[in-house]
Amino acid sequence: MRSLCLGGLWVAMSRDRVLVIDDEPGVLRFVSRALRAEGVEVDTADVGADGYQMALSQAYRLVILDLVMPGVDGMTLLKRLLNHRPDQAVLVLSCLTDTRTKVRALDQGAADYLGKPFALNELLARVRARMRVSPVRDGVLLRAGDFVLDPVRHEVTTSTGTVLLTRRESALLGELIQNAGRSVSKVRLLAEVWGYDFDPETNVVDVYVRRIRQKLGVGAISTVRGVGYGVDL
């Protein structure tokens with residue numbers, strides 16, 4: 001266990017700790033036991049408000065979140081949590097499996113979505129995939145054109161100064177920089193940056209490209225019609 005300063009507050013941090021927020025006792029027991037068997041430290045909360053406070057007090061590698069809960073519903077909790085912790089990875093685990101709800105959760109910033117009932121092997125595979133996502137080792141800078149991206153600090157240096165990005169914005173720009181001079185499809189960006197192995201029917205890539213352009217300028221990322229996006233060498 002070590003400490004991390006977030007927003008001026010020092011909070012506890014564990015490399016392999018996961019928080020499960022679900023009001024179903026059976027789901028909490030089942031999921032937490034399975035994760036602990038994989039060597040993962042697990043905290044649980046059966047009330048959304050309690051889970052929210054726990055998520056703010058510790059830096060979890062992953063939060064597994066139910067949507068249908070009494071009191072504060074999961075979608076509201078997801079929005080509040082990511083407003084405070086834009087980089088927090090959240091895997092939604094819900095009985096709501098309609099496309100509209102999935103798209104809304106993914107657009108809110110959820111890293112993944114799995115419907116109930118679920119296969120344990122699939123849940124564990126998705127958790128492992130999310131926990132494999134780690135910062136690029138310190139000292140590695142990505143360069144293209146006027147941009148120098150520090151993927152650890154999520155900072156972009158240009159001729160006009162340094163701009164801070166969110167983790168997801170940094171990962172998206174990093175993928176484009178590493179393929180500078182070539183167009184990168186939305187499908188590939190969804191796979192590499194969000195870890196999707198399916199079409200979530202969402203415009204989340206376009207939303208994040210727009211955010212990056214607002215921070216770095218409209219010419220930062222070029223649109224390749226019918227293909228995807230790119231940055232110049």
With the requirement that a residue be aliphatic (A, V, I, L, M), surrounded by fewer than 17 Cβ atoms within 10 Å (Cβ to Cβ) and not in a helix (DSSP H, G or I), what does region 34-72 give you? Val47, Val68, Val72
For region 71-107, name all the residues that are touching a residue at least 40 places away in the same chain (Cβ under 8 Å), in contact with a helix residue (DSSP H, G or I) (Cβ under 8 Å, 6 or more places away or on another chain) and not hydrophobic (A, V, I, L, M, F, W, C). Gly74, His84, Arg85, Pro86, Asp87, Asp107
Considering (1) over 15 Å from Gly115 (Cα atoms); (2) modelled with pLDDT of 85 or more; (3) loosely packed, with under 14 Cβ neighbours inside 10 Å, say which one Thr97 fails and leave the rest. (1)
Going by the conditions given, is Val148 in a strand (DSSP E or B), without any contact (Cβ under 8 Å) to a residue 40 or more places away in the chain, under 25 Å from Gln88 (Cα atoms) and over 15 Å from the mean Cα position of the chain (by Cα)? yes
Collect the residues in region 73-86 that are touching a Leu at 6+ places or on another chain (Cβ under 8 Å) and either surrounded by 16 or more Cβ atoms within 10 Å (Cβ to Cβ) or hydrophobic (A, V, I, L, M, F, W, C) (or both), keeping them in residue-number order. Gly74, Met75, Leu77, Leu78, Leu81, Arg85
Can you pull out the residues in region 196-233 that are surrounded by 14 or more Cβ atoms within 10 Å (Cβ to Cβ), within 17 Å of Thr166 (Cα to Cα) and within 15 Å of the chain's Cα centre (by Cα)? Val204, Val205, Tyr208
Please give the number of the condition Asn83 fails out of (1) closer than 27 Å to Glu169 by Cβ; (2) assigned to a loop (DSSP other than H, G, I, E, B); (3) not basic (Lys, Arg). (2)
Please indicate, with yes or no, whether at least one residue in region 10-33 is part of a strand (DSSP E or B), modelled with pLDDT under 90 and surrounded by 21 or more Cβ atoms within 10 Å (Cβ to Cβ). no
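The values are calculated or read from the model by the stated rules, or taken from the named source; none is laboratory data. Being a predicted model, the structure only gives us computed values, none of them experimental. Note that we place each Cβ from the backbone using ideal geometry, even for glycine, and neighbour counts take in every protein chain shown.
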